Amino acid sequence: GNSVTQMEGPVTLSEEAFLTINCTYTATGYPSLFWYVQYPGEGLQLLLKATKADDKGSNKGFEATYRKETTSFHLEKGSVQVSDSAVYFCALSDGGGGSNYKLTFGKGTLLTVNP
Amino acid sequence: DSGVTQTPKHLITATGQRVTLRCSPRSGDLSVYWYQQSLDQGLQFLIQYYNGEERAKGNILERFSAQQFPDLHSELNLSSLELGDSALYFCASSHSASGNTIYFGEGSWLTVV
């Protein structure tokens, strides 16, 4: 079955540091890949997505590139801010058949950014 | 604000009891999903409805059931509750059954004591 593995953290950085959160996946077919973010006390928000190999998703300074050859979708940001402190989830959808769009999530990575 | 509304936000109940969680999808969205987030299992897909019909089923216990009504709101019923059912239950919605972005609500915190 499908699975997502991401670095569990927690990750603690100083403001303006470079961020990488690793994510690898196992899936049949051609999944779409997502990063969701959960700020304290809030629900899940879509951060970015990529639907095919070599696509780059980007939003709010975050980027991730869909690498089929390494089955990876690592999240990066060049300069983090205190407001980026949250839990980040990597996820995939199996994308198969048009009748099933459930997401498979990684376990989440807690990021804390200190001033 | 994603536009997905869940009630109640917090719920405390005793073992053996039954609760109902309610979800209103974003305006125009036909598909509703339920997810459970717990410390030990992480985020798990429970069930999906599309325009009133069950579309996909995940790791949903037999003690749990869901439905989607003609006005497209959905309810998740949890019965014979156990301590291990304590979790954050998310509802999400999307416009079609597949291929579109899924938007999540803020979740319903269930504590079973």
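Only the coordinates and a few stated rules stand behind these numbers; no lab work does. Since the model is a prediction, treat every value here as computed from it, not as a measurement. Heads up, the Cβs are rebuilt from the backbone with ideal geometry, glycines too, and the neighbour counts pull from every protein chain shown.
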Between the DSSP loop rule and a limit of at most 11 other Cβ atoms within 10 Å, which GluC sites (Glu not before Pro) in segment A:28-115 are left?
-> A:69
Per DSSP, the loop-located GluC sites (Glu not before Pro) within segment B:5-113 having at most 15 other beta carbons within 10 Å are B:62, B:82
Vicinal HN-Hα couplings computed from phi for segment A:46-55 (Karplus, 6.51 cos²θ - 1.76 cosθ + 1.60; Hz; Gly/Pro x) = 5, 9, 6, 8, 9, 10, 8, 4, 6, 5
Convex hull per residue volume in Å³, alpha carbons only, for the protein assembly as shown | 117 Å³
Per-peptide average of other Cβ atoms within 10 Å, ordering B:26-39, A:14-27 highest first = B:26-39, A:14-27
Over segment A:17-106 - Rg/Rh using Cα atoms and the Kirkwood inverse-distance radius | 0.97
Show me A:102-114, A:46-58 ranked by packing, highest mean number of other Cβ atoms within 10 Å first.
-> A:102-114, A:46-58
Listed residues B:66, B:92, B:56, most fluctuating in chain B (Gaussian network, C-alpha, under 10 Å) | B:56
Could you list, bin by bin from short to long, the percent of Cα-Cα pairs of segment B:50-113 in 10 Å steps?
-> 17, 50, 28, 5
